[in-house]
Amino acid sequence: MEVFLGIDMGGTAIKLGLVSREGKLLKSFQVPTRAETQDRQVIVDNIKNAIRSALGGWEKVLAIGIGVPGGVDKKHGIIRFMPNIQALENYSLAEDLEKSFGMPVAIDNDANNAARGEYVFGAAKKYQDFVLITLGTGIGGGIFIRGDIYGGVANFAGEVGHMKLVPEGRTCGCGLNGCWEAYGSATAMIKRAQGLVAMGKKTSLSSVPEINAKVIFDEAKKGDEIALEVVEEVCHYLGIGIANLIHLFNPEAVVVGGGVSQAGDFLFERLRRYTSLYTKTEMFETCTIVPAALVNDAGVMGSAALAIMTLEHWGK
Ligand SMILES: [Zn+2]
């Protein structure tokens, strides 16, 4: 059996998973990232120890794939910017790990890897041209053209969450105004709902312990008018952004992942309806909007998919 190691690095935890070529998650665990030490050597040693634990007892691991929340020079295996783990910026992490473990190591942005995961194991297996968006704290994106990620000149392409949707609009986490994710992410949904509760609107959301995207969808499904207003507004903005992506790339599919995608048909029926309003008919009809297949382990599975695709292209 061919086995690959997928690593999903976040600001607080590093998740590792051994994945078979067929997409079976054989072993997984996580360790703290130790980003707070801001010490490159400490963090790199920590990663190496975790990899040693993951590889222990598995002789047939063929390659390692790593996903990070940042911009990556994939060709050279160097992370160019990563606000949550700055100590690893501008360091040849892939080369270091290749020397230490004697196997191919590839690094890329985590949203690009999420798209690879859907392509190799998930909802995009039958597509060559598709766009993946992940709806969570922000909106991430990965663009597939002819069976591979489109990276642009520096491999930073696919930052769909920062497409400008509203001139002089809401301030985004990136510091600019009017970005898509300031209107269509879970964070945007929660802020909007909290605002309506604070205005004294009559809604069941005012009595829940914590407002999150799932609660908003659940209350909307039960018929709460304010929760439904928030859902409709967010789906409206999501539809505009998806329409923009369809016009740009003419994809076979838009695959929607991230926690919010768990809301099911209630979400997807609205996404399709709003997208259709803003999309040229012929283009809408040739594009399907579908949920991602990988949710809980999307990070490690996506990184394992990067390892598989890297090995396939190795030496070519
Ligand atoms: Zn932004």
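Relative to the first principal axis of the alpha-carbon coordinates of the chain, what is the inclination of helix 110-120, with its axis defined by its Cα atoms, in degrees from 0 to 90 and to the nearest 10?
With both axes taken from Cα atoms, the answer is about 80 degrees.
Using the heavy atoms of the protein chains alone and a 1.4 angstrom probe, what is the accessible area of the chain per residue in square angstrom?
Numbers: 14420 Å² over 316 residues.
On a per-residue basis, 46 Å².
Quick check: the angle from helix 40-55's long axis to the longest principal axis of the chain, C-alpha only, nearest 10 degrees?
Value to nearest ten degrees: 80.
Hey, rough spin-label estimate for GLN30 and ASN49, points 7 angstrom out along Cα→Cβ, what's it come to in nanometres?
1.9 nm
What shape does region 75-141 take by its C-alpha gyration tensor, where a ≥ b ≥ c are the square roots of the eigenvalues and a/c under 1.5 counts as rounded, a/b above b/c as prolate, and the rest as oblate?
Values: a/c = 3.06, a/b = 1.46, b/c = 2.09.
Here region 75-141 falls in the oblate category.
With only alpha-carbon atoms counted, please give the Rg and Dmax of region 189-316, in Å.
Reported Rg and Dmax, both Å: 18.0, 63.
Whose amide H sits under 5 Å from the amide H of ARG80, counting only residues 5 or more places off or on another chain, with H placed in the peptide plane?
So ARG80 has HN proximity to GLY71, VAL72, ASP73, ASN90.
Find how many whole Å separate the alpha carbon centroid of region 12-69 from the alpha carbon centroid of region 217-266.
33 Å
For a quick check, take a GNM of the chain with Cα springs below 10 Å and name the residue from GLU168, GLU252, GLU219 with the largest mean-square fluctuation.
In the Gaussian network model the winner is GLU168.
Rounded to the nearest 5, what is the percent of antiparallel bridges among the DSSP beta bridges in region 125-291?
Numbers: 10 of 19 bridges.
Approximately 55 percent, going by the DSSP bridge assignments.
Whole-Hz Karplus ³J(HN,Hα) for region 281-295, in order, using 6.51 cos²θ - 1.76 cosθ + 1.60 and θ = phi - 60°, x for Gly and Pro?
3, 4, 7, 5, 5, 9, 10, 9, 10, 10, x, 5, 8, 9, 10
Under the Karplus relation 6.51 cos²θ - 1.76 cosθ + 1.60, θ = phi - 60°, what is the ordered set of whole-Hz ³J(HN,Hα) values for region 124-139, x standing for Gly and Pro?
10, 3, 8, 10, 9, 10, 8, 10, 9, 10, 10, 9, x, 3, x, 10
Given H placed 1.01 Å from N in the peptide plane, which residues other than close sequence neighbours of GLY141 have an amide H under 5 Å from its amide H?
Distant-sequence amide H within range of GLY141: THR134, VAL160, GLY161.
Per DSSP H run of at least 4 residues, take -39500 (n - 2.57); add these up for the chain, divide by its residues and hand me the 222 nm value, nearest 500 deg cm²/dmol. Walk me through the numbers before you get to the answer.
Values: 10 runs with 122 residues, N = 316.
Computed ellipticity for the chain at 222 nm equals -12000 deg cm²/dmol.
With θ taken as phi - 60° and the coefficients 6.51, -1.76 and 1.60, list the Karplus ³J(HN,Hα) couplings across region 187-199 in order, rounded to whole Hz; mark glycine and proline as x.
4, 5, 4, 5, 4, 5, 5, 4, x, 5, 5, 5, 6
Quick one: pull the percent of accessible area on the chain belonging to carbon and sulfur, 1.4 Å probe, ligands and nucleic acids left out.
Numbers: 7260 of 14420 Å².
About 50 percent, which is the carbon plus sulfur part of the accessible surface.
Note the full-extension length gain between GLN262 and PHE156 as 0.36 nm times their separation in residues minus their Cα-Cα distance, in nm to one decimal.
Details: separation 106, 0.36 × 106 = 38.16 nm, distance 2.73 nm.
Contour length minus Cα-Cα distance gives 35.4 nm.
The values are calculated or read from the model by the stated rules, or taken from the named source; none is laboratory data. Because the structure is a prediction, the values reported are computed rather than measured. Glycine gets a Cβ as well: all are built from the backbone with ideal geometry, and neighbour counts include every protein chain shown. Side chains are part of the model used for accessible areas, which takes the heavy atoms of the whole protein and leaves out ligands, DNA and RNA. Shrake-Rupley method; radii C 1.70, N 1.55, O 1.52, S 1.80 Å.
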